[in-house]
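Chemist: The following block contains the structure, expressed as structure tokens.
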Amino acid sequence: MRLFIIFLFLSFAIPAKAQLGFCGGSKGDPIFQFDFSNSGASFQQYTTYNLVAQSPQDGSYTVSSNLDIQSDSWHNYFPQTTVSNGNAMIVNASYEAGLFFEIDIPNLCENTTYEFSAFLMNVYDRASNICENGGIPINVRFEIWDETNTELINSGDTGNIPSTTSPQWDLYGLTFQTEPGQEKVILKIYNNGEGGCGNDLAIDDIVFRSCGDLTIIESPDTETTAIGLCEENSPGNYTLTATPDNSVYQDHFYQWQSRLEGEEFADIPGATNRLYSASNITKTTYYRVKVAEDPVNLSNVYCSSASEEFSILFIESPTAPVSAGDVDWCDNLGAATLSVRATGEQQIAWYDAETGGNRIAEGTSFQSEREGTYYAEAFYEDYDCEVSQRTAVRLTINESPVVADEMLQICPEGTLILEAKLPNLAYNWSTGETTAQIVIDAPGIYSVEVITPESCSSTKTFEVRLVDDAQIAEVTSD
């Protein structure tokens, strides 16, 4: 039994690429993708097989999302690696090898290289042990013909694809080039496998997309794909060069494009050479270049390839940091934290002087135990642009009250005076009182928070223990 299944186009290929050949450069958006989401009856034109409602026999097919229609020897599910994951064309090929699927691919571009790709899977479950030696491997042939069906443009065989113990997709591809005036081709898919136990397969995601050189944009002003243009150096002028890898195209025609932030790419009139001079830059501007083998194809995104973006980033002069405020601190609280706010991607450096001085910290905040004035400066870490004016932040260190804990005793039925012993300050006793001294009549743990006018405080603790009454142990008379 032979099985053939074709799903909707897949944008992201998770399984490893297999044999035949793939586009070695950049790929365009899909210009054709096959989708079986509608009724299976609409696909009769692509096959001479008979449509059935359930498990197909030799020479028939059905449309379903369920692979588990013949569960004794097949895998019972498809890996969830396709976009469609829905209806599929399930075909049980005739016992003899031969053509089983044919479709016209329209709306192609002349003088353009294309990549055809499809996923294949051997659906026989090797773990079922129904077929000897893992069953007969599947083998498929792809052919691309001209629209007259008289000239074979390209073809390729997958070779034997053995069965597995778990379902697994493999991606196969084939490249070809259209000729002048050629805008349509014919795809034919053949079964090369022998009849017998095994040779059951699935096909997923028939996709055609343009294939072009991998083109990069280079500039002598950077080793990356971005240039930082500092405001003090604007307007900027840069020479950009399109460098294709020559992996696909024999001839190269160019069209430069640009866009500003939030806009779409648009052609730059007259910018059709390999080199482009970007001049009078006063805003962040992005560039790319379209490349095609024929100039007529530059106006169609499906007929040309495009480089990655090259960015000229306009870097506005950094603004002075905004202080979170001067800090009054107490000497018994450890290090104080000074903070400022930065703008956007600007970084902050701290100095000990208004100009020059020593760089003592980085970040929007830093800690210090030393009183004084510190200065925050904004800068761009990745660009050698001017820095901002410095923002001053004052740190004042205030003395906290110096206290010592005490241990006292109280007699039964007696009273005791507890005294903070630091005059002219504010007091918060654990009893709720706020005077410099209090009177107690019971043992226990008492505390008083002593607070200075600068709001610095220390806490003094009193441990009061009970003293037993004196007792006459013995009276002796002589």
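Chemist: I'd like the residue in the stretch 351-391 that is hydrophobic (A, V, I, L, M, F, W, C) and part of a loop (DSSP other than H, G, I, E, B) and, out of all such residues, is surrounded by the fewest Cβ atoms within 10 Å (Cβ to Cβ).
Modeler: The first filter runs over the stretch 351-391 and keeps only residues hydrophobic (A, V, I, L, M, F, W, C), leaving 353, 360-361, 366, 376, 378-379, 385, 387.
Add one more test, that the residue is part of a loop (DSSP other than H, G, I, E, B), and what stays is 353, 385, 387.
Details: Ala353: 12, Cys385: 18, Val387: 15.
Among those residues, the one meeting the criterion is Ala353.
Chemist: Across the stretch 452-478, which residue is nearest to the chain's Cα centre (by Cα) among those that are assigned to a strand (DSSP E or B) and either surrounded by fewer than 17 Cβ atoms within 10 Å (Cβ to Cβ) or of a type in the set (D, E, K, R) (or both)?
Modeler: Only one residue fits best here, namely Thr459.
Chemist: Looking at Glu454, is it touching an Asp or Glu at 6+ places or on another chain (Cβ under 9 Å), among the acidic types (Asp, Glu) and either within 30 Å of Gly334 (Cα to Cα) or modelled with pLDDT of 95 or more (or both)?
Modeler: So Glu454 fits the description; yes.
Chemist: From the set of residues in the stretch 177-234 that are surrounded by 22 or more Cβ atoms within 10 Å (Cβ to Cβ) and charged (D, E, K, R), which is nearest to Glu110 (Cα to Cα)?
Modeler: Asp213
Chemist: Could I ask something else about it? Name the one entry in Ile69, Ile6, Ile31 that is among the aliphatic types (A, V, I, L, M), closer than 20 Å to Ile105 by Cα and at pLDDT 60 or above.
Modeler: Details: Ile69 fails: closer than 20 Å to Ile105 by Cα; Ile6 fails: at pLDDT 60 or above.
Among Ile69, Ile6, Ile31, only Ile31 is among the aliphatic types (A, V, I, L, M), closer than 20 Å to Ile105 by Cα and at pLDDT 60 or above.
Conditions tested, residue by residue: (1) free of Cβ contacts under 8 Å to residues at least 40 places away in the same chain; (2) within 31 Å of the chain's Cα centre (by Cα).
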| site | (1), (2) |
| --- | --- |
| Thr241 | yes, yes |
| Asp267 | yes, yes |
| Arg274 | yes, no |
| Asn300 | no, yes |
| Phe310 | no, yes |
| Ser317 | no, yes |
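Chemist: Inspect the stretch 91-101 for any residue being modelled with pLDDT under 85, over 20 Å from Gly135 (Cβ atoms) and in contact with a helix residue (DSSP H, G or I) (Cβ under 7 Å, 6 or more places away or on another chain) and give the result as yes or no.
Modeler: no
The values are calculated or read from the model by the stated rules, or taken from the named source; none is laboratory data. Treat the numbers as computed from the prediction; the structure is a model and nothing was measured. Virtual Cβ from ideal backbone geometry, glycine too; neighbours counted across all protein chains shown.
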